[in-house]
Each structure stands twice: as C-alpha cells, then as structure tokens.
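Structure first, commentary second.
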Amino acid sequence: GYYAGLFSTADFDAALRRGEVHFGTHLDVTSYAEGVRETHNPSGRALPAVVWDFYQNGCSLRLLCPQAFSRTVWHFLSILQEQFGSMAGANTYLTPPGTQGFAPHYDDIEAFVLQLEGKKHWRVYRPRTDAEVLPQFSSANLTQAEIGEPVLETVLEPGDLLYFPRGFIHQGDCLPDAHSLHITVSSYQRNSWGDFLEKLLPAALQMALEEDVEYRQGLPLDYLRYMGVANSDVVDARRTAFVQKVQSLIKKLVDYAPVDAAVDQRAKSFLHDCLPPVLTRREKAQSVYGFPARWRDGGPCNVDILITKDTEVRLLRHGIVRLCNEEAGVMLYYTTENSRVYHKEEPKFVELDPEYTDSIEFLLSSYPNHVSVDNLPCETLEEKISLATLLFEKGILTTKKPLAQV
C-alpha cells in the first residue's frame, strides 16, 4: 500500500507493550450501536490484554497523538505542519469487522483520512446550514435522522485517501469481512481570518486609545435613553448620529491595526503547537544533539563548544524560530525543545538583546546557505560567537561540519 510503513497494527501493539499508553489520555475505547455512542475507558494504563479484549468484543480503539509513539508519524506531521503553516495533528482508529465506533458528526478541522489496513465504508454529508460551513467548533453527536442523504459514499482500501473540510458531517463503519486501521490527519483548527482578527482588533483598539484622543472622548450624556434594543425601531436623529460615530471609529481603527505584530503573535502560538523537527543523521551530527560530550574516566569530557569566527552555521530549519517584539523585550521563540505530546511543554523562547535582531534576520534570509560566524552583523566578535553558541546550544543552529574537539 501507498502508506505502508506509516503506522500499523503491529506499531499499535508495540506502543501498548511498552507501557506508555493510558486510557483517556492516549487511548479511547468506543462503540456506536443502535444510535448510541459510548466511551468505555477504564482508568490507568492501557495493558494489551485489556485493550485487545475490548477490541475482540466489538469496540473501536482511537489512539490519540500517535506521533508521540511513532517516529514515522512524527516525521510525517512535522513536514505537513511546515507546508500548512498550521498545526498538523493525528489520531489513529482501529475498528473491528462489522462495527462502527463513532456517531455521525462534523469537526472543526480539515480532515485527511489515510487508509492503512483493511477496509472502511464512509458516508459524507454536506453542512446542513450556512452557520455550519467552516465551523469554529466541532458538533455534538448527531442522529441519522438529522443528517439527510450523503453526498459521497465510498469504501476506502489501503493506500486510499479521503478529504473532507470543516463542517462536513461524516461517519465510517467496517464491512463484515475486514477490520480497518486508518489515520486521520488534521490541520487548520482555529486558523481563519476571524481567528486572526481576534488577535488584531484588541491590539488595534489599544493602540488607538493610546494615540487618538477621539477614542478617549466621553459618550453622550443621554445615549442610554435612545440607544439599545428597546429603541432599535425608533426614528431619532440622535440614534443616526450615534451609529455614524461608531462606524467612523471602527473604520479609522484600520489605521491603528498592527497587522505584522498580530501575525507574529499567531506565529508564536503556532510554534508552541508545533512538533519538534525530526533530524536526519547528518543534521544530528552537525547539531548539539550529536555533540560528543560524555562522562568518561571519572569525569566529563568533550564538553566545550568551540565555535570560532570561521565556523559556518545555518538555521536547522527556516520555520523553527520567530522573532517577536513584546513589552518585556525582544523574544526569539523556537520549536526544537517542544514535546511530541501537544502542549506538554510551555512555549520555548530566549530573550535577546535588541542589537541581535539583525543577526537573526540575517540567518533567516541566508537559509538554507551556511554563513560564517564572522559575517553575523553584531558589533564585536565576542557578541557574534556568544550568539552563535547560544543558538547552537538550543538546537536552533547547525554547523557545516561537526565541531572538532581539542
């Protein structure tokens, strides 16, 4: 199959046997029969004997965050998140023959269903109303009577892919003669223009209040008497003037909108969502993760990171850092120390002296080419080496050649 090697029932079983999977946190046991959707999660560790007994008795198994247990899924999603510019997540679903694990519903993500093993029968339905087109939030479980006729009905086999946008209702069930293992890749959750404006508009209003006295002027003394829902049908010149004033202030708000700063804040959130990058063997050797520091003969050796003015460096990946000017100072957010488990770690950042901003921008614009440390636009050689060493220690920079040890 086209997706051979991505994830398998053997990988599922191996994760259970390593003792890393817990019910509820990593694994849901579900069923859907006679219109009733149920979750059967016990507490504690998901031991193989218990999990496979549930499966044998007709329950579906949903493994949350398979990227935490599978390097191949981690690698796959880390590439997709760069392409989408939005978090790429995944769940895997293992369903016994002749059963269904979930009720019809729609999601708040763009969904890509990749069939890995067996077969699955899918039905997809249009959004029922305009309000359900590209929704911000997922639906509750729906009944068969609520969803109408499908616009697509198909059976997926290994190597097939099914895509449905946010808001498209869907349900999948197994044929009597085969189990099903699929992985659903998700992206674009809360990644709309409206979500961007939620960041932008409060910042624009704050800036307008600080810089424009018109926004700080008092409201009319008697506006409560003629404004409000109870007065919405009243013809009154004062109402017209009030609405026109509001429209004028909103229109002028555009001039105060810090669009780039709001984009940086979105990027900061995205970097917190991101999986850490997967390193090739060569990249590891050229980064701090392959640095040969170790304990030997009663003490540490190969500890010193010897970066010089002639050391050639580059960013590990272009998308792993974001420079943000914030009230507290200049912050460089990065992904190299993120967890493979969603938001297990707090956002990772280093506070930089403002004079280092040009050097970060230089590294970004130079990628994927290497540059010598001496070419970093810092004032002194000491500052150049200090910045390069800091970024190397955080896994942000790699060197063209593995650092030699003295």
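The values are calculated or read from the model by the stated rules, or taken from the named source; none is laboratory data. Keep in mind that what you see is a predicted model, and the values were worked out from it rather than measured. Counting neighbours? That spans all protein chains shown, and the Cβs are built from the backbone with ideal geometry, glycine included.
You will find that of THR30, THR39, the residue that is without any contact (Cβ under 8 Å) to a residue 12 or more places away in the chain, touching an Asp or Glu at 6+ places or on another chain (Cβ under 8 Å) and among the polar types (S, T, N, Q) is THR39 and no other.
Residue-by-condition table, conditions (1) within 30 Å of ALA68 (Cβ to Cβ); (2) at pLDDT 95 or above:
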| residue | (1), (2) |
| --- | --- |
| CYS301 | no, no |
| LEU306 | no, no |
| ARG314 | yes, yes |
| TYR342 | yes, no |
| TYR356 | no, yes |
| PHE362 | no, yes |
| ASN375 | no, yes |
| LYS400 | no, yes |
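Quick check on the range 187-243: of everything there that is under 18 Å from ASP255 (Cβ atoms) and among the acidic types (Asp, Glu), which residue is surrounded by the most Cβ atoms within 10 Å (Cβ to Cβ)? That would be ASP212.
Would you confirm whether or not the range 128-140 contains a residue that is in contact with a Leu (Cβ under 6 Å, 6 or more places away or on another chain) and in a helix (DSSP H, G or I)? Looking through the range 128-140, none of the residues is in contact with a Leu (Cβ under 6 Å, 6 or more places away or on another chain) and in a helix (DSSP H, G or I). Within the range 289-312, is even one residue under 23 Å from the mean Cα position of the chain (by Cα) and on the phi < 0 side of the Ramachandran plot? No, there is no match, as no residue in the range 289-312 is under 23 Å from the mean Cα position of the chain (by Cα) and on the phi < 0 side of the Ramachandran plot. Scoring HIS22 on the criteria (1) crowded, with 16+ Cβ neighbours inside 10 Å; (2) touching a Lys or Arg at 6+ places or on another chain (Cβ under 6 Å); (3) closer than 26 Å to HIS105 by Cβ leaves a single failure, condition (1). Considering ALA103, ALA145, the condition of being touching a Lys or Arg at 6+ places or on another chain (Cβ under 9 Å) and either modelled with pLDDT under 95 or not in a strand (DSSP E or B) (or both) is satisfied by ALA103 alone.
Enumerate the pairs (first residue in the range 171-186 and touching a residue at least 24 places away in the same chain (Cβ under 8 Å) and crowded, with 17+ Cβ neighbours inside 10 Å; second residue anywhere and of a type in the set (D, E, K, R) and not in a strand (DSSP E or B)) with beta-carbon separation below 7 Å, excluding pairs fewer than 6 apart on the same chain, so at least 6 apart or on different chains. Close Cβ pairs (under 7 Å, with a partner that is of a type in the set (D, E, K, R) and not in a strand (DSSP E or B)) amount to SER180/LYS119. Within the range 151-169, the set of residues being small (Gly, Ala, Ser) and more than 20 Å from PRO97 (Cβ to Cβ) comprises just one member, GLY167. I'd like the residue in the range 37-65 that is assigned to a loop (DSSP other than H, G, I, E, B) and hydrophobic (A, V, I, L, M, F, W, C) and, out of all such residues, is surrounded by the fewest Cβ atoms within 10 Å (Cβ to Cβ). Here the answer is LEU47. Taking the stated definitions as given, is GLU117 assigned to a strand (DSSP E or B) and either surrounded by 17 or more Cβ atoms within 10 Å (Cβ to Cβ) or aliphatic (A, V, I, L, M) (or both)? Considered against the rule, which asks whether it is assigned to a strand (DSSP E or B) and either surrounded by 17 or more Cβ atoms within 10 Å (Cβ to Cβ) or aliphatic (A, V, I, L, M) (or both), GLU117 comes out as yes. Residues in the range 249-288 that are touching an Asp or Glu at 6+ places or on another chain (Cβ under 8 Å), more than 29 Å from PRO202 (Cα to Cα) and in a helix (DSSP H, G or I): 1 in all.
No other residue among VAL313, VAL303 is of a type in the set (A, V, I, L, M) and either touching a helix residue (DSSP H, G or I) at 6+ places or on another chain (Cβ under 9 Å) or farther than 30 Å from TRP74 by Cβ (or both) apart from VAL313.
With a requirement of 1 or more residues that are crowded, with 20+ Cβ neighbours inside 10 Å, in contact (Cβ under 8 Å) with a residue 12 or more places away in the chain and aliphatic (A, V, I, L, M), the strands (runs of 3 or more DSSP E) lying completely within the range 301-406 that satisfy it span 312-315, 321-326, 329-334, 397-399.
Within the range 4-36, the residues that satisfy the criterion of being more than 25 Å from GLU157 (Cα to Cα), outside any loop (DSSP other than H, G, I, E, B) and over 26 Å from the mean Cα position of the chain (by Cα) are ARG17, VAL36. For the condition assigned by the TED database to the domain that holds PHE392, among the charged types (D, E, K, R) and under 22 Å from PRO377 (Cβ atoms), ASP304 does not qualify. For the condition over 21 Å from THR184 (Cβ atoms), touching a Gly at 6+ places or on another chain (Cβ under 8 Å) and not polar (S, T, N, Q), ARG45 qualifies.
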